[in-house]
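The values are calculated or read from the model by the stated rules, or taken from the named source; none is laboratory data. All figures in this text were calculated on a predicted structure; none of them were measured in a lab. Here Cβ is always computed from backbone atoms with ideal geometry, including for glycine, and neighbour counts include all displayed protein chains.
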């Protein structure tokens, strides 16, 4: 039996319906405030989602449906004892401890109620992301948000990490809050602040990504011509590099140079080498070396767990394999909309930037699948946009 199921009591199941109702009321209330008006559909959608996830959780308790991840014992122990080992990162010692433990206590120390909070945070993150996409492209039709919410329900990573005491639900909530806040008319708002704070205390690399996205959004908001924007970028490149180098040193403790990036990645790889699923060492003596390796690293991260640079028997890890297959499905659907991608240039830039930044640091096959989740969610909007464009004849299925 999994570590977090060993202390399950009968009364935990008795409190589950109460938490289920509270989660449903909260998620529908927020969805109706954030998303385009679609009250009847949202009521049905989130009731179905919560019932679907509840069924998965109960089946997992009996038949071990969700895999047991290497870090799960660590995070289970932190939840149950409140003690964080000294060798953990700031994201664990501060972010996880001061978020997860209060939520665990609020769950009455019931792992089922805690997992229900995980599902809630995932869904709230999706809601805020959909609201941000609606704002970015001034959508008035509910179909893109409907299809996105449906596709996101079945993303294997979302399902799997809803039922582990890991941090992925918090990351997705931070991502959603940040993008929703960034697309607000008020440039400084509670959503943006919460997203940045959550990223800062959970995963420092995500915070660096947020700062770059804010800079891109500031340039876009100037509403200049493409030539003018290109000229500004060229002029600002030295200053941007200095700023990013300072942030990298302050946030993750390394400078932006080929040698330091290679050293950081290779040291991390050595720590996990015995797992058997680390990527090869890199040898970057100059920017040309890094530039030549970049395409392989980019697609290696994006398509994980499928091999790009090195062959690893990926099919032995069923959950990761399923996530890779689902991403390939989403990407394949998105390609049918490729002639309209010029309309989604800003969103494509956000996706490419996240994958590019993460690819430089990712040294582990299974870690790549886990850390790719934000990019998977952003890519899902492309598939949703495509399906909403090409499948209007099936809309009668969802009429109420």
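Values for this structure:
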{"item": "Some residue of the range 16-27 being without any contact (Cβ under 8 Å) to a residue 60 or more places away in the chain and surrounded by 12 or more Cβ atoms within 10 Å (Cβ to Cβ)", "result": "yes"}
{"item": "Any hit, the range 9-19, residues being in the same structural domain as residue 144 (by TED's automatic domain parsing) and assigned to a loop (DSSP other than H, G, I, E, B)", "result": "yes"}
{"item": "Answer from 388, 383 - the residue that is crowded, with 20+ Cβ neighbours inside 10 Å, more than 25 Å from residue 68 (Cα to Cα) and at pLDDT below 90", "result": "388"}
{"item": "Among (1) at pLDDT 75 or above; (2) more than 22 Å from residue 301 (Cα to Cα) - the single one residue 236 does not satisfy", "result": "(1)"}
{"item": "Lone unmet requirement of (1) without any contact (Cβ under 8 Å) to a residue 60 or more places away in the chain; (2) assigned to a helix (DSSP H, G or I); (3) farther than 20 Å from residue 56 by Cβ; (4) assigned by TED's automatic domain parsing to the domain that holds residue 10 for residue 130", "result": "(1)"}
{"item": "Unmet requirement for residue 216, which otherwise passes all of (1) modelled with pLDDT under 85; (2) closer than 30 Å to residue 93 by Cβ", "result": "(2)"}
{"item": "Which listed residue is under 21 Å from residue 206 (Cβ atoms) and surrounded by 21 or more Cβ atoms within 10 Å (Cβ to Cβ), from 74, 126", "result": "126"}
{"item": "Checking residue 280 against (1) outside the structural domain of residue 369 (by TED's automatic domain parsing); (2) at pLDDT 75 or above; (3) part of a loop (DSSP other than H, G, I, E, B), the condition it does not meet", "result": "(1)"}
{"item": "Yes/no for residue 324 being closer than 18 Å to residue 160 by Cα and in a helix (DSSP H, G or I)", "result": "yes"}
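Quick grid of which residues meet (1) touching a strand residue (DSSP E or B) at 6+ places or on another chain (Cβ under 8 Å); (2) assigned by TED's automatic domain parsing to the domain that holds residue 268; (3) buried (at least 19 other Cβ atoms within 10 Å of the Cβ); (4) assigned to a helix (DSSP H, G or I):
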position: 44; (1), (2), (3), (4): no, no, no, yes
position: 65; (1), (2), (3), (4): no, no, no, no
position: 91; (1), (2), (3), (4): no, no, yes, yes
position: 94; (1), (2), (3), (4): no, no, no, yes
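Here is a yes/no grid of residues against (1) farther than 30 Å from residue 101 by Cβ; (2) in a loop (DSSP other than H, G, I, E, B); (3) in contact with a strand residue (DSSP E or B) (Cβ under 8 Å, 6 or more places away or on another chain):
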{"site": "193", "(1), (2), (3)": "no, no, no"}
{"site": "198", "(1), (2), (3)": "no, no, no"}
{"site": "208", "(1), (2), (3)": "no, no, no"}
{"site": "216", "(1), (2), (3)": "yes, no, no"}
{"site": "219", "(1), (2), (3)": "yes, no, no"}
{"site": "223", "(1), (2), (3)": "yes, yes, no"}
{"site": "228", "(1), (2), (3)": "yes, no, no"}
{"site": "231", "(1), (2), (3)": "yes, no, no"}
{"site": "245", "(1), (2), (3)": "yes, no, no"}
